[in-house]
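The values are calculated or read from the model by the stated rules, or taken from the named source; none is laboratory data. Here the structure is a predicted model, which is why all the values come from computation and not from measurement. FYI the Cβ positions are ideal-geometry reconstructions off the backbone, even for glycines, and counts take in every protein chain you see.
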Amino acid sequence: MQANIIVLESYYEPLAAHLARTKLEAAGIACFLTNENLVSLNRMYSPVAGGVRLHVYERDAAQAAEVLREPPVMQAVPGGLAAAEPTEAPCPRCGSHDVTYDAAAAPGAAHWFVALLSRLRRYPLQGKAHHCFHCGLNF
């Protein structure tokens, strides 16, 4: 029986590819890299060569993707470790955590410049800082 080999991931940096390879090998999944020497010689070849490619057997692809998935970030709390709290505030309308914070819309180092440009325009550039991708609310 012939096993098919597929490209699971492609990496711009050889170091990231080697880290992924060692994660898979530690999990007992057979894998190998291609184009690593070409990309290491000249980084400009990476887009042309398709990056450093991580190959696995097709039968191991689902398990390999699960191994490479980033684990949740753990934070130290008194008495042990706990999962990190979501950094963004939940949407007040729908409660979703699929929220982004637009730093350009919030006061900051360039706030004076935005305020000056707002005076020159009919409508102010300063807007709401959070956006919910679930319901579309800006708050």
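Can you report the number of residues in segment 17-37 which are among the basic types (Lys, Arg) and closer than 11 Å to HIS55 by Cβ?
Taking segment 17-37 as the starting set, the residues that turn out to be among the basic types (Lys, Arg) are 21, 23.
Checking the rest, the ones that are also closer than 11 Å to HIS55 by Cβ come to 21.
Total satisfying the criteria: 1.
For LEU8, all conditions in the list (1) in contact with a helix residue (DSSP H, G or I) (Cβ under 8 Å, 6 or more places away or on another chain); (2) surrounded by 15 or more Cβ atoms within 10 Å (Cβ to Cβ); (3) in a helix (DSSP H, G or I) hold save one; what is the number of the exception?
Every listed condition holds for LEU8 apart from (3).
A quick yes/no check of all residues on (1) of a type in the set (Val, Ile, Thr); (2) touching a residue at least 24 places away in the same chain (Cβ under 8 Å):
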residue: ILE6; (1), (2): yes, yes
residue: SER10; (1), (2): no, yes
residue: LEU15; (1), (2): no, no
residue: GLY28; (1), (2): no, no
residue: CYS31; (1), (2): no, yes
residue: ASN35; (1), (2): no, no
residue: LEU38; (1), (2): no, no
residue: MET44; (1), (2): no, no
residue: VAL48; (1), (2): yes, no
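Return only the number of the condition from (1) modelled with pLDDT under 95; (2) surrounded by 11 or more Cβ atoms within 10 Å (Cβ to Cβ); (3) under 20 Å from the mean Cα position of the chain (by Cα) that SER40 does not satisfy.
Evaluating SER40 over (1) modelled with pLDDT under 95; (2) surrounded by 11 or more Cβ atoms within 10 Å (Cβ to Cβ); (3) under 20 Å from the mean Cα position of the chain (by Cα) leaves (3) as the failure.
Assigned to a loop (DSSP other than H, G, I, E, B) and either at pLDDT below 65 or surrounded by 14 or more Cβ atoms within 10 Å (Cβ to Cβ) (or both): is that true of PRO71 in this structure?
When the stated conditions are applied, PRO71 does not pass them.
If you go through segment 43-57 one residue at a time, how many are at pLDDT 95 or above and surrounded by fewer than 13 Cβ atoms within 10 Å (Cβ to Cβ)?
Looking only at that region, the number is 0.
Go through segment 11-53 residue by residue and tally those that are among the hydrophobic types (A, V, I, L, M, F, W, C) and either touching a Phe, Trp or Tyr at 6+ places or on another chain (Cβ under 8 Å) or part of a loop (DSSP other than H, G, I, E, B) (or both).
Qualifying residue count, segment 11-53: 9.
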